[in-house]
1. If each DSSP helix of 4+ residues adds -39,500 (n - 2.57) and the sum is divided by the residues in the chain, what number results at 222 nm, nearest 500 deg cm²/dmol?
2. Got a sec to turn the phi values of the stretch 84-100 into Karplus ³J(HN,Hα) couplings, 6.51 cos²θ - 1.76 cosθ + 1.60 with θ = phi - 60°, whole Hz, x for Gly and Pro?
3. Whole number in Å², please: accessible area per residue of the chain, 1.4 Å probe, ligands, DNA and RNA not counted.
4. Starting from the residue with the highest accessible area, list W84, W117 in decreasing order, probe 1.4 Å.
5. In the chain, what is the volume of the convex hull around the alpha carbon atoms, normalised per residue and reported in Å³?
6. Convex hull over the alpha-carbon atoms of the stretch 89-166: what's its volume per residue in Å³?
7. Looking at the P(r) of the stretch 34-95, how many percent of alpha-carbon pairs lie beyond 14 Å?
Amino acid sequence: MSHQGSTAQARVGLYTAQERARRDATIWTPVQGVLAPVQFLVFLVSLGLVIRYLTTGEGYAIATGSIVVKTAVLYVIMITGAIWEKVVFGQYLLAPAFFWEDVFSFLVIGLHTAYLWALFSGALPPLSLMWLALAAYGAYVINAVQFVLKLRAARLQASALTEATA
């Protein structure tokens, strides 16, 4: 089922009225709402472990395990986010409302995947792996900020619309 006809409807902020209704009705919205902070917490723990390894040389195995877990959580949120986008906007990724966030998500996924490839292939030594993880984490932070700013703007626009119609 395509939601292409909904784009002709007036867009208020990120969503048309139909897209907002689909967003509010789908289970994937609360799933994303739970996974995003979980991913952020996993990121914070892992970042601490990576920094610990880089500063002390200790804890390589636990830092590596935390990066693998962070990457797995990233894959889960990316897959469920694509499903959410399909339900709400009618396409799995690159819907106009989240186009640039999705494009940057590809960089984030690419860097995390490059880390896994380098880890499991032995292509990089431990120190280089940790720096690659930090690059992936830096991209993740930028991407997370993109999403937070976009969703905050949407919330403010929705509030303004509600106040204007009240």
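The values are calculated or read from the model by the stated rules, or taken from the named source; none is laboratory data. Treat the numbers as computed from the prediction; the structure is a model and nothing was measured. Heavy atoms of the whole protein, side chains included, go into the accessibility calculation; ligands, DNA and RNA do not. Shrake-Rupley method; radii C 1.70, N 1.55, O 1.52, S 1.80 Å.
1. Values: 5 runs with 131 residues, N = 166.
Result for the chain, helices only: -28000 deg cm²/dmol.
2. 4, 5, 5, 5, 7, 10, x, 8, 5, 8, 6, 4, x, 5, 10, 4, 6
3. Values: 8990 Å² over 166 residues.
On a per-residue basis, 54 Å².
4. Numbers: W84 30, W117 160 Å².
Largest accessible area first, the residues go W117, W84.
5. Working: hull volume 18.8 nm³, N = 166.
Expressed per residue, the convex hull around the Cα atoms of the chain is 114 Å³.
6. Working: hull volume 7.0 nm³, N = 78.
Each residue corresponds to 90 Å³ of Cα convex hull volume.
7. Values: 1151 of 1891 pairs.
In whole percent, the long-distance tail amounts to 61.
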